[in-house]
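To start, the structure under review is shown below, and the notes come after it.
The values are calculated or read from the model by the stated rules, or taken from the named source; none is laboratory data. Please read all numbers here as calculations on a predicted model, not as lab measurements. Reconstructed Cβ throughout: ideal geometry from the backbone, glycine too, with neighbour counts over all protein chains shown. Ligands, DNA and RNA are excluded from the accessible area calculation, which covers all protein heavy atoms including side chains. Shrake-Rupley method; radii C 1.70, N 1.55, O 1.52, S 1.80 Å.
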Amino acid sequence: MVQHGRLLARGVARHLLGHGIVTLEEFVPARGLRVDLIGLTPTGEIWVVECKSCRADFMGDGKWQGYLEWCDRFFWAVDADFPVDLLPDDSGLILSDPYDAEIIRMAPDTPLAPARRRKLTQMFARHAAQRLHLLRDPDARGAF
């Protein structure tokens, strides 16, 4: 994720945390896929947020539809200058800046199968624990 996208993700993560939704950046749900931001809601829903910095960034992304089967709700996060008419109407929309965000359009609820939800929740927990461990002990990097 380029710097502008990281700043958008930070604003989204701050906003979602205010709603009790914890997030991870650059999460890999399956081989060949890496979502910009994945969120776990207090009720166990999985949200995926793709951060797009400009028109070219959106047009060059051919993988986003593969993310739909890995979440209950899918959102785009863009800044105020982004041409939002490019974005599909059947997805969520979040306006973001580096410090905060606002959900403009809620994504439709497309519930995951229970087995996939369980697998993703476990992956989320393990990934978060690994990141925390590496913050405490950077020399353990080779263990993961």
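Things worth noting here:
- Filtered by the rule that a residue be under 10 Å from the mean Cα position of the chain (by Cα) and of a type in the set (Phe, Trp, Tyr), the range 33-66 gives a lone residue, 47.
- Top-ranked residue of the range 71-92 - restricted to ones that are without any contact (Cβ under 8 Å) to a residue 24 or more places away in the chain and hydrophobic (A, V, I, L, M, F, W, C), ranked as surrounded by the most Cβ atoms within 10 Å (Cβ to Cβ): 84
- Of all residues in the range 12-35, those satisfying the criterion of being surrounded by 22 or more Cβ atoms within 10 Å (Cβ to Cβ) and more than 19 Å from residue 130 (Cβ to Cβ) are 12, 16.
- Residues satisfying the stated conditions in the range 1-55, i.e. more than 18 Å from residue 76 (Cβ to Cβ) and touching a Gly at 6+ places or on another chain (Cβ under 6 Å): 42
- Candidate set: the range 121-144, residues that are open to solvent by 70 Å² or more (accessible area, probe 1.4 Å) and of a type in the set (D, E, K, R); chosen: the one modelled with the highest pLDDT: 126
- Condition met for residue 38 (in contact (Cβ under 8 Å) with a residue 40 or more places away in the chain, touching a Lys or Arg at 6+ places or on another chain (Cβ under 7 Å) and surrounded by 18 or more Cβ atoms within 10 Å (Cβ to Cβ)): no
- Count of the range 47-88 residues which are of a type in the set (Gly, Ala, Ser), at pLDDT below 90 and touching a helix residue (DSSP H, G or I) at 6+ places or on another chain (Cβ under 9 Å): 1
- Residue count for the range 93-120 satisfying the condition of being surrounded by 15 or more Cβ atoms within 10 Å (Cβ to Cβ) and of a type in the set (Ser, Thr, Tyr): 1.
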